[in-house]
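Reading through the structure tokens given below for one structure.
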Amino acid sequence: MGDLMHEAVTGGRARLTGVQRLDAVFRARPTAALMPYLTAGYPDLARLPDLLAALAAGGADAVELGVPFSDPLADGPALQAAATAALAAGFTLDGLWAVLDRVLGTYSLPVVLLTYVNPILAHGAARFVERAAGAGVAGLIVPDLPWAEAAPLRRLTRQRGMALVPMATPNSPPAHLKDIRSGDGFVYGVSVTGVTGVRDQLAPDVLAFASRLKEAVGLPVAIGFGISTPDQAAQVGTVADGVIVGSALVSALMQDPRHAAQVATTRVRALARALKGGRGEGGKTR
Amino acid sequence: MGARPGHAVGVEQPEGLRPRGRGRFGPFGGQFVPETLMPALEELEQAYRAARRDPAFRKDLAQILSRYVGRPTPITAAERLSEAVGARVYLKREDLCHTGAHKINNTVGQLLLARRMGKQRVIAETGAGQHGVATATAAALLGIKAEIYMGAEDVARQALNVYRMRLLGAEVHTVTSGSRTLKDATNEAIRDWVTNVRHTYYAIGSVVGPHPYPTMVRDFQAVIGREARRQMLAAGGLPTHVVACVGGGSNAMGIFHAFRRDPVALVGVEAAGEGLDTPRHAASLSAGTPGVLHGAFSYLLQDGDGQIRLAHSVSAGLDYPGVGPEHAHLASTGRAEYHAVSDADALAAFHELSRLEGIIPALESAHAVAWVWSRRGQWPAGARVLINLSGRGDKDVEQVAAQQGPGAPGGGGSDGRSHA
């Protein structure tokens, strides 16, 4: 039934806004959505179409695509290194738009762009949003634009039917959780106070955090930061509506960049199986 | 160096940002940090507001400033320099502060606040190491654990300051990410703070970062201007010009603030490095564009995609690709003017002040001296120029000697610019 829904959405995509496509990802699904993260331009922009296809082939439900930034202060070592490598390999926003213009029109999954705020300002926020929406991007995640500063950008994304995804953290006060109820798409739940990165163990209170968040915000909740293994994904997936895996996937690509697409499919497939197995044992038995 | 005052005049509010509000200087400033830090900034703002109203806190701070830091620092009438440039020149002697620079004014204030907030651990970023040393010093004084982030490049260049910090009981973390300098040390300190936010206090070293830091650091440094204004009045009247170097801009804001309502020209001097027409400079206001770095909307060095460019200055303390948001505002309203001085001219001024006044200035402060020097013979009659001598140059002597050779210190007099 999930697949049928997916087909219907894909088929009618041209008439759906980014927010609607994200809503469809989370609507009436039996298991948590899998949202892998890629650093755009790693190993290089030319391979981005293959990598996006690889994520879809592995069973991803949506994609988070990171715009490399010189000073990514919410990212741990793995994503910093990938961004540095992508910039060294010549990443530019114009290059990214050219690839997305070509690819997203026929791509089956909604793509959410994660970018720090300065590249948005450097291009001009209206122009950036216009360009992203024109390319078919479903939403934006801006890790250094807290909700208290976000209203002007949100007006622009809403005009184009894109989601500006609010973030919530374990130390977010009740007032913040109340404010983001008016957000679009989903809430990005940051599982730890900390930066992105592979961790041996899930934060002990992550499931409680996820359910507290779901109750408070009235939007789908995707949990990210520190979710690395299929088993961890499955555990979080028992509560969360979506699971974001970033550093673990990017680290795997960095270990074998020549076979990045195969690595991506293999990794995503293992995560997807674990999520569909549900209840936390899935990852261990495979 | 070609002056480009008023470059920033009339900057328009960029679309996509709130026009004003909490922690803004005109459109500049704000809080551009991960959501995790928002509760910490709120806690900090409340604690700071309560502390500044608390007589006990103010008394503790005043006592440390007088009995430990050595305040008030004097102003010195620089007789021979005055004669050479053709204006009455006064030096505000922050070089005489304990640890040798103005940075300590801020760290004793912030660490007293950290102690009051019950934080067990303090982190800081440092470039040349002056703020790191000042943080380690205040931490030793107050019995707080300090950990300092410093780029690998700077650790290699400033080995003596690394040793000083360790001697003072601080732990120094070498940062190897990105450009391995101050900007990356700042990123790493912010990452640490995001991770350990519940029990860690982040002591920022300049008037940069998210609100309330630019205001709070300015307030702690404003003692410089309060003293200097009183001292100038006692020495015959207000200055006509107040001149200070600007990297992040804390010594400049510190001395400007008390004069903001006076008929006094406020002059900030940035580092033009090898020239504003080259990529190797650190002049964010003179040659940068507006953007967000390290939590605040201000002027910065960036490319067309908003990637932060590397800064360059012979002076490590000015080697930063951003500037405090209140300076961006003062530039945009025209209340202050900003100029830039090259490495070569700053080095020449380093020699001139040493020879003329027996004061070896920090290379940072030498930029302010160099701008005053560049106007020699052109000062209007009655000009009274107050330079903030933000630090002493002992830390720079080895670097200057290595660059110029110990046997040939700078040549003699006004045209002795031997720096290649």
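The values are calculated or read from the model by the stated rules, or taken from the named source; none is laboratory data. Note that this is a predicted model, so its numbers are computed, not measured. Neighbour counts are summed over all protein chains in view; Cβ atoms, including those assigned to glycine, are modelled from backbone coordinates with ideal geometry. Accessible surface is based on the protein model in full, side chains and every heavy atom, while ligands, DNA and RNA are left aside. Shrake-Rupley method; radii C 1.70, N 1.55, O 1.52, S 1.80 Å.
Residues in the stretch B:315-337 that are open to solvent by less than 10 Å² (accessible area, probe 1.4 Å) and farther than 16 Å from B:Phe25 by Cα: B:Ser315, B:Leu318, B:Pro321. Residue check: B:Gln231 meets all listed conditions (1) open to solvent by 10 Å² or more (accessible area, probe 1.4 Å); (2) in a loop (DSSP other than H, G, I, E, B); (3) under 30 Å from B:Tyr90 (Cα atoms) but one, namely (2). Of the residues making up the stretch B:156-173, those that are open to solvent by less than 70 Å² (accessible area, probe 1.4 Å) and either without any contact (Cβ under 8 Å) to a residue 12 or more places away in the chain or away from every other protein chain (no Cβ under 14 Å) (or both) number 10. Suppose the filter is away from every other protein chain (no Cβ under 14 Å) and out of contact with any strand residue (DSSP E or B) (no Cβ under 7 Å at 6 or more places or on another chain); does A:Pro36 pass it? Taking the combined requirement at face value, the residue does not satisfy it. Scanning the stretch A:101-144 for residues that are in contact (Cβ under 8 Å) with a residue 24 or more places away in the chain, among the small types (Gly, Ala, Ser) and farther than 24 Å from A:Leu34 by Cα yields A:Ala125, A:Ala126, A:Gly134.
Taking the stretch B:188-201 as the range and being surrounded by 24 or more Cβ atoms within 10 Å (Cβ to Cβ) and either without any contact (Cβ under 8 Å) to a residue 60 or more places away in the chain or more than 10 Å from chain A (Cβ to nearest Cβ) (or both) as the test, the residues that pass are B:Arg191, B:Tyr201. Of the set (1) of a type in the set (S, T, N, Q); (2) open to solvent by 60 Å² or more (accessible area, probe 1.4 Å); (3) at pLDDT below 95, all apply to A:Gln159 but (3). All told, A:Gly194 meets the bar of being within 11 Å of chain B (Cβ to nearest Cβ) and either part of a loop (DSSP other than H, G, I, E, B) or small (Gly, Ala, Ser) (or both). Please verify whether B:Val269 is in contact (Cβ under 8 Å) with a residue 40 or more places away in the chain and closer than 19 Å to B:Ala146 by Cα, treating the condition exactly as stated. Answer is no for this residue.
Among the residues of the stretch B:387-420, those identified as modelled with pLDDT of 65 or more and open to solvent by 40 Å² or more (accessible area, probe 1.4 Å) are B:Arg392, B:Asp394, B:Lys395, B:Val397, B:Glu398, B:Gln399, B:Ala402, B:Gln403.
Being under 18 Å from B:Tyr90 (Cα atoms) and either touching a helix residue (DSSP H, G or I) at 6+ places or on another chain (Cβ under 8 Å) or assigned to a helix (DSSP H, G or I) (or both) is true for just one of B:Ala331, B:Ala344, B:Ala370, B:Ala381. Which residue is that?
B:Ala370
If you go through the stretch A:77-114 and keep only what is at the interface with chain B (Cβ under 9 Å from one of its Cβ atoms), buried (at least 17 other Cβ atoms within 10 Å of the Cβ) and not hydrophobic (A, V, I, L, M, F, W, C), you end up with A:Gln80, A:Thr84. Within the stretch A:200-214, the set of residues being within 14 Å of another protein chain (Cβ to nearest Cβ) and surrounded by fewer than 18 Cβ atoms within 10 Å (Cβ to Cβ) comprises just one member, A:Asp205.
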